[in-house]
Amino acid sequence: DKGNHRHFMLKEIYEQPIVVAQTLKSYVRRLEEEVSLPIPDFDLSAIRRVTIVACGTSFYAGMVGKYWFEQFARVPVDLDVASEFRYRAPVMEEGGLALFISQSGETADTLAALRHARSEGQKIAVVVNVPTSTMAREADLLLPTHAGPEIGVASTKAFTCQLAVLAALAANLARAKGRLDRREEKEIVRHLSEAPAAINGALAYDSAIEAMSGAIAVARDVLYLGRGTDYPLALEGALKLKEISYIHAEGYAAGEMKHGPIALIDDKVPVIVIAPTGPLFEKTVSNMQEVQARGGKVVLISDYDGIQAAGEGCMATITMPKVHPLIAPIVYAIPVQLLAYHVAVAKGTDVDQPRNLAKSVTVE
Ligand code: F6R
């Protein structure tokens, strides 16, 4: 049932404040200001390396997770798309945790990678949205997302719930490794707890995003740029746009533009820049200005301060609530999803059932 919404995708985008809050309940104790795991006695202290494997949108969640695991827990992370993982003879030493991320829990390549990691003696953790799925059954550490059934083929609410779980898991790992003091732990809990309200704040920009979607719908190519944890978000934005609107889109690390892709820039290629204020803001803005100097039409997604500082000369701006960098990828996922959605609606494509795609990919 789509409720009052025209498509499942839009309904699921709007469910995110609630389902992210629901998911967080299993991973943070708000009153005690502690991070926790659904299996409290699972010992993470001996984990020396994490191998993350997933496909598509779940892979981009994993990419954000890599930043968090390394930043908080100082544990090195390997990251692969599942269809490449087994074929490159990955080195998995003792004391490794292999982490598989999948909305469906049935994706064939991810499942095959899980079984391979198991045969190499890794501990198996899975982040899945379907608790009865094959991956859920085969895990040592089951980390459910509580997004509820996702019907739209383009993943939206599962992605933000995956991010919430990964942030909490990174904090749990950091604590187990003695790298998180009480003050830092409390802060992480506080920031994560702010995510649902911030997502609501992001949703308030829906009609403004709809209003600018026509300008993107006429484009043949669109670029997305971001740095740090906003780089995977740029990749996710491009994937979302191409899969439901069939517009060619690419995501790049903002700093990579000058190493090639900037040659694509002219006034017909909209460039979506994801740049919350924070430690990486200035650098991203200077990459954005390189694009503008070549006639590129920029849509800047930032908070009020960021738009004030750098919004001039942009084709359009999208204002997000001001949030801590930890939850920025969770909050900035919303405008990226809404933009793809409205562009697809403007083009008249089948948003919930894009051509050539299936909700669950059970062939390798
Ligand atoms: C994109 C999308 C796909 C899936 C991918 C993995 O919107 O939905 O890229 O993310 O097929 O699926 P799961 O997460 O079920 O393993």
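Of these, Glu236, Glu243, Glu210, Glu282, which one is under 29 Å from Gly65 (Cα atoms), of a type in the set (Asp, Glu) and in contact with a Leu (Cβ under 9 Å, 6 or more places away or on another chain)? So the residue among Glu236, Glu243, Glu210, Glu282 that is under 29 Å from Gly65 (Cα atoms), of a type in the set (Asp, Glu) and in contact with a Leu (Cβ under 9 Å, 6 or more places away or on another chain) is Glu243.
The test for being touching a Gly at 6+ places or on another chain (Cβ under 6 Å), basic (Lys, Arg), within 27 Å of Gly178 (Cα to Cα) and more than 13 Å from the ligand (Cβ to nearest atom) holds for Arg49.
Under the condition of being surrounded by 24 or more Cβ atoms within 10 Å (Cβ to Cβ) and either small (Gly, Ala, Ser) or under 15 Å from Val273 (Cα atoms) (or both), the residues counted in region 241-258 number 5.
Annotation note: of Val336, Val351, Val343, Val299, the sole residue that is farther than 23 Å from Ile18 by Cβ and within 15 Å of the ligand (Cβ to nearest atom) is Val343. Does region 221-253 hold any residues that are in a helix (DSSP H, G or I), closer than 20 Å to Thr317 by Cα and among the acidic types (Asp, Glu), and which are they? Within region 221-253, Asp230, Glu236 qualify.
A quick yes/no check of all residues on (1) surrounded by fewer than 23 Cβ atoms within 10 Å (Cβ to Cβ); (2) outside any helix (DSSP H, G or I):
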{"residue": "Leu143", "(1), (2)": "no, yes"}
{"residue": "Val153", "(1), (2)": "yes, yes"}
{"residue": "Cys161", "(1), (2)": "no, no"}
{"residue": "Ala174", "(1), (2)": "no, no"}
{"residue": "Glu187", "(1), (2)": "yes, no"}
{"residue": "His191", "(1), (2)": "yes, no"}
{"residue": "Ala202", "(1), (2)": "no, no"}
{"residue": "Ala208", "(1), (2)": "yes, no"}
{"residue": "Ala219", "(1), (2)": "yes, yes"}
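Look at region 138-158: where a residue is at pLDDT below 95 and a partner is away from the ligand (no atom under 13 Å from the Cβ), sitting 6+ places away or on another chain with Cβ atoms under 9 Å, you get Ile151/Lys2; Ile151/Lys11; Gly152/His7; Gly152/Leu10; Gly152/Lys11.
With respect to Ala98, determine if the residue is out of contact with any strand residue (DSSP E or B) (no Cβ under 9 Å at 6 or more places or on another chain), surrounded by 20 or more Cβ atoms within 10 Å (Cβ to Cβ) and of a type outside the set (Lys, Arg).
Spelling it out, it is not the case that Ala98 is out of contact with any strand residue (DSSP E or B) (no Cβ under 9 Å at 6 or more places or on another chain), surrounded by 20 or more Cβ atoms within 10 Å (Cβ to Cβ) and of a type outside the set (Lys, Arg).
Of the listed requirements (1) within 22 Å of Gly96 (Cα to Cα); (2) surrounded by 22 or more Cβ atoms within 10 Å (Cβ to Cβ); (3) within 14 Å of the ligand (Cβ to nearest atom), Ala167 misses just one: (3). Residue pairs whose Cβ atoms lie under 8 Å apart, sitting 6 or more positions apart in sequence or on different chains, and linking a residue in region 104-133 that is on the phi > 0 side of the Ramachandran plot to a partner that is in a helix (DSSP H, G or I), are Gly105/Thr134; Gly105/Met135; Gly105/Ala136. Note on region 1-26: residues that are touching a strand residue (DSSP E or B) at 6+ places or on another chain (Cβ under 9 Å) and surrounded by 23 or more Cβ atoms within 10 Å (Cβ to Cβ) amount to 1.
The values are calculated or read from the model by the stated rules, or taken from the named source; none is laboratory data. Just so we're clear, the structure is a prediction, and the values are computed from it rather than from any experiment. We place every Cβ from the backbone using ideal geometry, glycine too, and count neighbours over all the protein chains shown.
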